[in-house]
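Trainee: Once you've had a glance at the structure underneath, I'll fire off some questions.
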Amino acid sequence: MTIDEILDFMGALDGVLTLRPAPGDGTPEIGWGDTFFYYAPDGTVPATAQPFATVVTKDYPGDTSSRLDRPGTFRVNMAAGKAAFTEWTAHGPGDPSAADSVIAHPVYGGAGWLAVVNPGARTETVTRDLLRTAYRLARARHERRAG
């Protein structure tokens, strides 16, 4: 599964706003090259919501255990909810640098986030399922707040 495949998949979901920070757009340099997915049917970044999924292409300060500094390495991160988190981490958090495995997010696992480094044959289907779940949860939160 490539980053472009993930972008295409997410772009097909109704109401998803995809942000891809880049030089010259006013975003902090650290975010350049990464992707952030929001449920935002009006097309504007929500003031009171975080992304429900991200794709990161490099290590961040305090988040180096996935070793994203390896060529061609990226990590998909998903807020797929407590039930999915419990199901996928029942046997421990997993190796944060292992490719093609569902793991607890190395930093945001405590908040119920899951992650997959370089999703491949073993995790392509589950990554799509977890992204759909994160999307549904974000959409439901948005609808509750909107009344």
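Trainee: Across region 107-116, what is the number of residues that are open to solvent by less than 50 Å² (accessible area, probe 1.4 Å) and more than 19 Å from Thr133 (Cβ to Cβ)?
Mentor: Residues of region 107-116 open to solvent by less than 50 Å² (accessible area, probe 1.4 Å): 109, 112-116.
When the remaining residues are screened for being more than 19 Å from Thr133 (Cβ to Cβ), the result is none.
Qualifying residue count for the region: 0.
Trainee: For region 29-51, indicate whether the set of residues that are touching a helix residue (DSSP H, G or I) at 6+ places or on another chain (Cβ under 9 Å) and farther than 30 Å from Arg145 by Cα is non-empty.
Mentor: No, that holds for no residue.
Trainee: Looking at (1) outside any strand (DSSP E or B); (2) out of contact with any Pro (no Cβ under 6 Å at 6 or more places or on another chain), can you tell me which one Thr27 breaks?
Mentor: Condition (2) is where Thr27 drops out.
Trainee: On the given criteria, is Asp8 open to solvent by 70 Å² or more (accessible area, probe 1.4 Å) and on the phi < 0 side of the Ramachandran plot?
Mentor: Numbers: open to solvent by 70 Å² or more (accessible area, probe 1.4 Å): yes; on the phi < 0 side of the Ramachandran plot: yes.
Yes, satisfied.
Trainee: Something else about it: Restricting to region 84-111, name every residue that is of a type in the set (Gly, Ala, Ser) and out of contact with any strand residue (DSSP E or B) (no Cβ under 9 Å at 6 or more places or on another chain). Spell out how you get there, then give the answer.
Mentor: Narrowing region 84-111 to residues of a type in the set (Gly, Ala, Ser): 84, 90, 92, 94, 97-99, 101, 104, 109-111.
Answer for region 84-111, where residues must be of a type in the set (Gly, Ala, Ser) and out of contact with any strand residue (DSSP E or B) (no Cβ under 9 Å at 6 or more places or on another chain): Ala90, Ala111.
Trainee: Give me the pairs: first residue in region 59-76 and under 20 Å from Val102 (Cβ atoms), second residue of a type in the set (Phe, Trp, Tyr) and assigned to a loop (DSSP other than H, G, I, E, B), beta-carbon distance under 7 Å, and six or more apart or on different chains, which are they?
Mentor: That search, which allows pairs on different chains as well, returns Leu68/Phe74.
Trainee: A further question on this structure: Among the listed residues Ala99, Ala134, Ala79, which satisfies the condition of being of a type in the set (A, V, I, L, M) and open to solvent by 30 Å² or more (accessible area, probe 1.4 Å)? Reasoning before the result, please.
Mentor: Details: Ala134 fails: open to solvent by 30 Å² or more (accessible area, probe 1.4 Å); Ala79 fails: open to solvent by 30 Å² or more (accessible area, probe 1.4 Å).
Unique residue meeting the criteria: Ala99.
Trainee: Continuing with this model, one more query. Among residues belonging to region 30-52 that are outside any loop (DSSP other than H, G, I, E, B) and of a type in the set (Ser, Thr, Tyr), point out the one that is farthest from Asp63 (Cα to Cα). Break it down into steps so the answer makes sense when it comes.
Mentor: Filtering region 30-52 for residues outside any loop (DSSP other than H, G, I, E, B) gives 30-31, 35-39.
Applying the additional criterion that residues be of a type in the set (Ser, Thr, Tyr) yields 35, 38-39.
Numbers: Thr35: 16, Tyr38: 22, Tyr39: 25 Å.
Among those residues, the one meeting the criterion is Tyr39.
Trainee: Hey, could you check region 1-24 for residues that are charged (D, E, K, R) and in a loop (DSSP other than H, G, I, E, B) and say which is farthest from Thr73 (Cα to Cα)?
Mentor: Filtering region 1-24 down to residues charged (D, E, K, R) leaves 4-5, 8, 14, 20.
Within this subset, residues satisfying the condition of being in a loop (DSSP other than H, G, I, E, B) are 14, 20.
Details: Asp14: 28, Arg20: 17 Å.
Looking at residues that are charged (D, E, K, R) and in a loop (DSSP other than H, G, I, E, B), I get Asp14.
Trainee: Please find, within region 1-52, the residue that is farthest from Glu143 (Cα to Cα) out of those that are free of Cβ contacts under 8 Å to residues at least 12 places away in the same chain and among the charged types (D, E, K, R). Quick ask: steps written out before the conclusion?
Mentor: From region 1-52, those free of Cβ contacts under 8 Å to residues at least 12 places away in the same chain are 2, 4-5, 8, 11-12, 22-29, 31-32, 42, 47; that's our starting set.
Now restrict to residues that are among the charged types (D, E, K, R): 4-5, 8, 25, 29, 42.
Details: Asp4: 29, Glu5: 28, Asp8: 24, Asp25: 30, Glu29: 32, Asp42: 12 Å.
It comes out as Glu29.
The values are calculated or read from the model by the stated rules, or taken from the named source; none is laboratory data. The shown structure was predicted, so the numbers you read here are calculated from the model rather than taken from an experiment. All Cβ positions, glycine included, derive from the backbone under ideal geometry; neighbour counts span all protein chains shown. Quick note on the areas: whole protein, heavy atoms, side chains included, nothing else; ligands and nucleic acids left out. Shrake-Rupley method; radii C 1.70, N 1.55, O 1.52, S 1.80 Å.
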